[in-house]
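Q: The structure that follows is given in the form of structure tokens.
Just so it is clear, none of the values below were taken in a lab; they were calculated from the coordinates. Computed from a predicted structure; not experimentally measured. Because the Cβ atoms are built from the backbone with ideal geometry, glycine has one as well, and the counts that use them run over all protein chains shown.
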Amino acid sequence: MASMDADMSRVENIRSVIEREEFVIEDSISAWICCHKERMGLIYGRNIRLPLVPPSQLNRLFLSSCSITDGALAVCLNGLTSLRSLHLTKIMTLTTVPSQEVLLHLTKLSWLNISSCWCLKSLGGLRAATSLSDVRFHSCPSLDLARGADEMPLSLTRLTIYWCVVGANFFSSGLPHLRDLEMVGCGSLASLSISHLISLASLVLKDLPDLCFIEGLSSLQLHRVSLEGVPKLSAKCISQFRVQKSLSVSSPVILNHMLSTKGFTAPEFLCLIDCKEPSISFEESANFSSLRKLILRQCEMRSLPGNLKWLTSLTRLGIYECPNISSLSDLPPSLQHIIVEGCERLKESCQAPDGESWPKIAGIHSKEIR
């Protein structure tokens with residue numbers, strides 16, 4: 001009876017949080033967490049608990065939408081010396097990554113993915129997991145990353161952060177082996193310092209509307225760069241990029257500023273994705289001598305760049321889901337392969353033998369129109 005009274009008291013607490021007059025949901029996540037704490041008290045205020053004890057030889061563990069506590073997770077992981085990958089998703093009871101004492105024993109753990117754990121606040125003893133090479137955080141809005149790379153294992157080669165709050169000095173202490181960095185939707189990040197990431201080869205930045213400057217670009221030779229949804233990136237910053245193999249951008253302004261920078265050579269692969277401009281033209285002074293493959297994907301342009309024929313080293317052209325393009329411009333004679341997919345108007349124009357654009361592709365060795 002006492003237990004039921006306690007449960008009813010917690011239910012009333014949840015109700016009062018929601019119904020009080022001054023309660024305004026300006027931050028839905030904070031509101032959810034406020035009620036969630038009471039809900040967890042309702043669930044764990046009882047003495048009915050079943051420990052999770054997986055087999056000691058387990059090498060992959062996926063926990064989703066369960067009510068495991070911080071302590072129970074530590075007990076679960078303790079002794080899993082063969083564990084190689086750990087995936088934690090939608091666990092609203094989790095507030096911290098296990099301690100150093102627990103992670104020290106996971107000597108084979110190389111992959112960690114934590115997603116949609118809204119109450120996760122601390123990385124605990126993560127730095128002690130010295131075998132980790134790939135870490136991914138996705139939609140963990142309460143996670144405190146103020147100390148940034150100081151809490152990450154130095155063994156990391158790949159780090160992915162989606163929809164989390166990250167500070168400008170996140171990488172101030174450096175991760176010497178980090179090669180791949182992907183950051184998407186990370187709050188109001190205005191600047192980023194990556195000068196300490198001496199091994200960085202791949203940089204993906206997406207949906208960072210306030211990002212203005214990236215410090216340390218001039219010292220890096222990046223193999224792959226992707227810039228989408230970074231409208232405030234400064235001209236000074238853009239001019240410091242050096243990309244060796246692959247470049248993807250959503251803004252033709254950023255692209256042409258990069259291409260016009262003295263000493264910049266377009267990489268082997270170039271992709272324009274989700275471009276909103278009705279028309280584009282490539283910078284005429286740019287060096288395209290290394291460009292072999294061009295992709296246009298999900299763009300709103302009405303026609304291909306008029307100076308496409310100047311890309312005399314281009315051998316492959318792909319046009320995907322560009323519904324407004326109705327015909328092809330003049331193509332370079334070097335082109336050997338063309339793909340048109342999800343572009344109904346252009347597909348019709350490329351049909352043999354009477355399509356408007358058919359004469360421009362008839363002599364191309366490989367054609368995929370679908």
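Q: Any number yet on Rg/Rh for region 76-171, C-alpha, Kirkwood? Please report the intermediate quantities before stating the final value.
A: Details: Rg = 12.3 Å, Rh = 13.2 Å.
Here the Rg-to-Rh quotient is 0.93.
Q: Same structure again: Below 8 Å between Cα atoms, with a sequence gap of 6+, how large is the relative contact order for region 243-370 in percent?
A: Working: 296 pairs, mean separation 22.3, N = 128.
Here the relative contact order equals 17 percent.
Q: How much length would be gained if the chain were fully extended between Ser279 and Lys293, taking 0.36 nm per residue of separation minus their Cα-Cα distance, in nm to one decimal?
A: Numbers: separation 14, 0.36 × 14 = 5.04 nm, distance 2.00 nm.
Net length gain for the segment: 3.0 nm.
Q: Can I ask one more? Put one equal scatterer on each alpha carbon of region 169-287, apply the Debye formula with no solvent term, and list log10 I(q)/I(0) at q = 0.16, 0.17 1/Å to two decimals.
A: At q = 0.16, 0.17 Å⁻¹ the computed log10 ratios are -0.72, -0.82.
Q: Another question, if that's okay. Restricted to Cα positions, what overall size does region 243-370 have along the principal axes? Three whole-Å values, descending.
A: Projected onto its principal axes, the Cα set of region 243-370 covers 44, 28, 20 Å.
Q: I've got another one for you. Relative contact order for the chain: what is it in percent, counting Cα pairs under 8 Å that are at least 6 residues apart? Don't skip to the end; give the middle numbers.
A: Values: 872 pairs, mean separation 23.3, N = 370.
Relative contact order, the chain: 6 percent.
Q: Let me ask something else. Give the relative contact order (percent, whole number) for region 122-181; include only Cα pairs under 8 Å separated by 6+ residues. Don't jump to the answer; show the numbers that get you there.
A: Details: 103 pairs, mean separation 22.9, N = 60.
The normalised contact order for region 122-181 reaches 38 percent.
Q: Which order do the peptides 114-120, 289-295, 185-191 take when ranked by the mean count of other beta-carbon atoms within 10 Å per residue, highest first? Mind dumping the intermediate values first?
A: Numbers: 114-120: 20.9, 289-295: 17.3, 185-191: 15.7.
The most tightly packed comes first, giving 114-120, 289-295, 185-191.
Q: For the pairs Lys309/Lys347; Lys206/Lys245; Lys232/Lys293, flag any whose C-alpha to C-alpha distance is greater than 23 Å. If you can, show how the numbers build up before the last one.
A: Working: Lys309/Lys347 20 Å; Lys206/Lys245 19 Å; Lys232/Lys293 28 Å.
Among Lys309/Lys347; Lys206/Lys245; Lys232/Lys293, the Cα-Cα distance tops 23 Å for Lys232/Lys293.
Q: For a quick size check, give me the Cα extents of the chain along its three principal axes, largest first, whole Å.
A: Largest first, the chain extends 84, 44, 43 Å along its Cα principal axes.
Q: So, one more: Subtract the Cα-Cα distance of Val204 and His177 from 0.36 nm times their separation in residues, and report this length gain in nm to one decimal.
A: Numbers: separation 27, 0.36 × 27 = 9.72 nm, distance 1.69 nm.
Net length gain for the segment: 8.0 nm.
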